[in-house]
Amino acid sequence: MEKSKKIHLGSENIKQLYSEYGIVMVLILLIIVATALNPIFISGSNIMNVLRQVSINGILSIGMTFVIISGCIDLSVGNVLGCTGLIVMILMERFGMVPAILAGLAFGMLVGVVNGWGVHQGLPAFIMTLASQQMVKGLGYVISNGQPFSATDEAYKLIGQGFMWIIPMPVVVFAVLVIIAWFVLTRTRIGRSVYAVGGNQEASRLSGINIRKIRIFAYMVSGLMSAVAAVVLTSRLYSCDPLTGDNYQSDAIAATVIGGCSMAGGEGSVLKTVVGVLIIGIISNILNLLQVSSYLQMIAKGFIIFLAVFIDVWKNK
Amino acid sequence: MENTIPVLEIKNVSKSFPGVKALQNVSLTAYKGECLALIGENGAGKSTLMKILSGAYSMDEGEIYIEGKKVNIHNPAEGQKAGVGVIYQELSLVRQFTAVENLFLGRWETAPGGVVKWKEMKKQVEDFYKSLGLHFNLNVPVGRLSVAQCQLIEITRAVFMNSKIIVMDEPTSSLTNTEVEILFDLMKRLQSQGITIIFISHKLEELFRACERVYVMKDGCNAGEFQLRDINKDTLVRAMVGRELKNYYPRKTNTPSDKVVLEVKDVDDGKMVHGVSFQVHAGEILGFSGLVGAGRTETMRAIFKAEPKAKGHVYIDGQEVSIKSPADAIRHGIAFATEDRRYEGLVLPLSVAHNISMANFDSICNKAGFINLRKERALAEKYKDNFNIRTPDVNKKVGELSGGNQQKVVVAKWMNTNVRVFIFDEPTRGIDVGAKAEIYQLMVDIAAQGNAVIMVSSELPEVLGVSDRILIMREGKITGELLAHEADEESIISFAIGG
């Protein structure tokens, strides 16, 4: 049985293999290629470097995974990150670090609640989050007057620049959030409901699932993750300006889709999203090590997004 | 008449789907200028046959001849070219385009340089409609015309594209009586122009009026051909149903008690349901019959509060309950297996186990809302065994199961709630005969446990075979009540059509 499967590698079998293990194989292949191209890649310090670089996108991608599994999309995450960063910087000066961080997290969740509410009212997710993206972006300019703000508490540096043993703190935060998100999505009723609503909203409603609650929950997680990413990033940079986080949503969506979340909803896993995050991170790392210009890197990244979605469409046919 | 020249000859056509033989050696001949009725129960193979003819499906075996020439139809474009036009229940007009644009869709006549010759095209369409004695407003998008007019435009488009054979699938289901007259009138005109019509309908009265000959299908085979003037409705129904009903429907093990489990009063959704009241007893299976569009499904959706605007009083075991959402209905013990399981019943990308648990997370969660995966798996395995759900693994995606097994998953999902009243809407639509019998057995078992069961069904044999009592609806009201042993198809139909 097993043998005949391997011999007849028809397109159906390839599809099935790909949807189960494909993305992990791509990651392994990529690591091998990267090492062959430049052996520095596999060194401990470079790997830590890659992990630290991907953790911001990784945190955003966790939130994006919730939203995409629920059958929607969130274009606002990058600008929520920027605006939250500014809010934290500005409030820190007056009220201290902890209240500032809490206010920032609350802001992120609030944007998520508004997004989820709007989508539940029937606005297309694409339009609703495009609108909130613009509003949040504008809000960032208004409160900062277009100026960069610097942090004002040395202790704040710990979150983005500190280490736990030899592991950078952003990586620790990312890893902890991945574990929590994985648990919520696979082992709790609200996580399971996110899958159900994304897979078939009408069947979920008729099975007694509160659609509005689930929509708002998924977007709220996304908003919260954006705010957490804002804290980690601004801690690392020790400052924030209105352009921080601009366009970060594209990498988050790319990582989630490369990881195998179906844009149609109902399918995906936060662990696979992590693989997607690593793939994007490793590709930019290799291109950097090979000193490819950042303009060409953009083209490469765009092509990878295309390829990932193309494969998604093909495997669902 | 010229009714002796065969236009369409279908010879020994067979077609299988995974697990189902949809057509077995079907042969059919249609003559020039006749109106041939094609009838059979749901799942008898009518639409499969017509889809093969139109090119939407390809056949496994067999041959098709049109005007004596063998044709190979592999896709709808080739079907059109061979002269077959199929009018499905859903209209396929571009709503934003005018009738002229729709009639020429995809083959607009252009002058050199690609400029569309609108004037000439409009002239042609005007002449064409004049010859048929029809009149439409050709200047507005068809979306602004009535449903009936759109239907007539759709039919005439097939004629306009030189179809020699026109297949109409339930063309009257969304038409009023006067509109039906106009349609029949058009059909007669088309016939006199030598066009052959194949007419699919469940409304037997219409067949006797509009058609000359009838071809009956049953379980993918030919179950008889008749001249309609030689026979009556009974002969037709017998040919359609004609299987041994004795072992097909399960034996009841209990008799309904006098205890009322569900009572509803004055259910009204403001559109299709007007003041419906009824009771269902413990251990009873209550059948709901009526024509499509009579408001049966809408009544059930109103009781379940699937329609937020519906009104009415619901009493369960004598207590009035307040139902504001499907979640409330489920909490009060109402289960609702909807008629469309793929769009309303199941989450196709999720596994069998996940679908079974989704209407009652309490059955697999602790108080904090954490899922116990082992408990969930055990639950799914239990239903898999009890209901004989054929799947290699309960972790398989439910979308990969056959229709009958999907329906069993739906039943399992609802049995996993604290069910008191189980509503089945068209429970056996699109599933094969063997699975049907299993679903009937499940319904009988559910009732035997002291629950109330409601079955909405358009298949009369099913209503008669399974129900204890039958309510018949027409135009949003209950128009008749019959006990199963005193009911027959004719008495039900007479209430349904209001004779």
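The values are calculated or read from the model by the stated rules, or taken from the named source; none is laboratory data. Source: prediction; values computed, not measured. So basically every Cβ, Gly included, is an ideal-geometry build from the backbone, and we count neighbours across all protein chains shown. We work out accessible area using only protein heavy atoms, side chains counted, and drop any ligands, DNA or RNA first. Shrake-Rupley method; radii C 1.70, N 1.55, O 1.52, S 1.80 Å.
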(request) Find how many whole Å separate the alpha carbon centroid of region B:59-102 from the alpha carbon centroid of region B:355-423. (result) 42 Å
(request) Rank these residues by their accessible area, most exposed first, probe 1.4 Å: B:373, B:346. (result) B:373, B:346
(message) Need one word for the protein assembly as shown: rounded, prolate or oblate. Basis is the Cα gyration tensor (sqrt eigenvalues a ≥ b ≥ c); a/c below 1.5 gives rounded, then a/b vs b/c decides.
(response) prolate
(message) Keeping all protein chains in place and using 1.4 angstrom, which order do B:98, B:156, A:152, B:4 fall into by accessible surface area, from largest down?
(response) B:4, A:152, B:98, B:156
(request) Determine the alpha carbon to alpha carbon distance for each of B:11/B:81; B:305/B:436; A:213/B:271 and list only those over 22 Å. (result) B:305/B:436; A:213/B:271
(message) Using only the heavy atoms of the protein chains and a 1.4 Å probe, how would B:93, A:206, A:110 rank by accessible area, largest first?
(response) A:110, B:93, A:206
(request) Please determine, in degrees from 0 to 90 and to the nearest 10, the orientation of helix B:147-160 with respect to the longest principal axis defined by the Cα atoms of chain B, where the helix direction is its Cα long axis. (result) 40 degrees
(request) At most 10 other Cβ atoms within 10 Å and a DSSP loop assignment: could you name the GluC sites (Glu not before Pro) in region B:58-101 that fit? (result) B:90
(message) As I understand it, the value is the acute angle between the Cα axis of helix B:403-415 and the longest principal axis of the Cα atoms of chain B; what does it come to in degrees, rounded to 10?
(response) 30 degrees
(message) If you take each beta carbon of peptide B:344-356 and count the beta carbons of other chains within 10 angstrom, what is the mean?
(response) 5
(request) Check the straight Cα-Cα distances from residue A:301 and name the lysines below 27 Å, setting aside those fewer than 8 residues away within the same chain. (result) A:15, A:137, A:272, A:315, A:317
(request) Name the shape class, rounded, prolate or oblate, that the alpha-carbon gyration tensor gives for region B:6-242, where a ≥ b ≥ c are the square roots of its eigenvalues, rounded holds for a/c under 1.5, and otherwise prolate holds if a/b is larger than b/c and oblate otherwise. (result) prolate
(request) On the full set of protein chains, 1.4 Å probe, figure out the accessible area of residue B:57 and give it in Å² to the nearest 10. (result) 70 Å²
(message) Could you check the spin-label model distance between residue B:483 and residue B:11? Points 7 Å from the Cα along Cα→Cβ, value in nm.
(response) 5.6 nm
(request) Any chance you could check region A:203-235 for residues losing 10 Å² or more of accessible area when the partner protein chains are in, compared with the chain on its own (1.4 Å probe)? (result) A:203, A:205, A:206, A:207, A:208, A:209
(request) Post the alpha-carbon centroid distance, region B:444-484 to region A:167-191, in whole angstrom. (result) 51 Å
(message) Could you tell me the calculated FRET efficiency between residue A:264 and residue B:322, based on Cβ-Cβ distance and R0 = 41 angstrom, to the nearest 0.05?
(response) 0.70
(request) Determine the shielding of peptide A:262-273 by partner chains: average, over its residues, the number of Cβ atoms on other chains within 10 angstrom of each Cβ. (result) 1
(request) At 0.36 nm per residue, minus the direct Cα-Cα distance, what do residue A:296 and residue A:166 gain on full extension? Give it in nm, one decimal, please. (result) 43.5 nm
(message) As a test, work out the antiparallel percent of DSSP beta bridges whose residues both lie in region B:6-242, rounded to the nearest 5.
(response) 60 percent
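Out of all DSSP beta bridges with both ends in the protein assembly as shown, state the antiparallel percent to the nearest 5.
Beta bridges within the protein assembly as shown, antiparallel portion: roughly 60 percent.
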(request) Sort out for me the Cα centre separation of region B:177-208 from region B:141-171, rounded to whole Å. (result) 12 Å
(message) Need one value: the accessible area of residue A:274 in square angstrom, 1.4 angstrom probe, rounded to the nearest 10.
(response) 30 Å²
(request) Can you figure out the FRET efficiency of residue B:279 with residue B:252, using R₀ = 25 Å and their beta-carbon distance, to the nearest 0.05? (result) 0.85
(request) Distance check, please: which entries in B:252/B:397; B:203/B:408; B:21/B:259; B:324/B:367 exceed 32 angstrom between their Cα atoms? (result) B:252/B:397; B:21/B:259
(request) Using only the alpha-carbon atoms of chain B, report the extent along each of the three principal axes, biggest first, to the nearest angstrom. (result) 74, 52, 47
(message) Regarding chain A, what's the average projected area of the Cα-atom convex hull, expressed in nm²?
(response) 18.3 nm²
(request) Round to the nearest 10 and report in Å² the accessible area of residue B:51, as given by a 1.4 Å probe over the protein chains' heavy atoms. (result) 60 Å²
(message) Above 34 Å lies some portion of the pair distances; for region B:246-497, what is it as a whole percent of all C-alpha pairs?
(response) 13 percent
(request) Filter the GluC sites (Glu not before Pro) in region B:205-288 down to the DSSP loop ones having no more than 15 other Cβ atoms within 10 Å, then list what survives. (result) B:244
(request) Classify region B:134-181 as rounded, prolate or oblate from the Cα gyration tensor: take a ≥ b ≥ c as the square roots of its eigenvalues, call it rounded if a/c is under 1.5, otherwise prolate when a/b beats b/c and oblate if not. (result) oblate
(request) From other protein chains only, count the Cβ atoms within 10 Å of every residue's Cβ in B:322-330, then give the mean. (result) 3
(request) Just order B:481-491, A:225-235, A:187-197 by mean Cβ neighbour count inside 10 Å, highest at the front, would you? (result) A:225-235, A:187-197, B:481-491
(message) Show me the trypsin sites (Lys or Arg not before Pro) within region B:353-456 that DSSP assigns to loop and that have at most 11 other Cβ atoms within 10 Å of their Cβ.
(response) B:367
(request) Would you mind getting me the FRET efficiency between residue A:28 and residue B:370? Use the beta-carbon distance for r and R0 = 25 Å, nearest 0.05. (result) 0.15
(message) I need the helices of chain A that pass two filters: whole DSSP H segments spanning 18 Å or more by Cα along the axis, and mean Kyte-Doolittle score no lower than 1.6.
(response) A:23-37, A:169-187, A:270-289
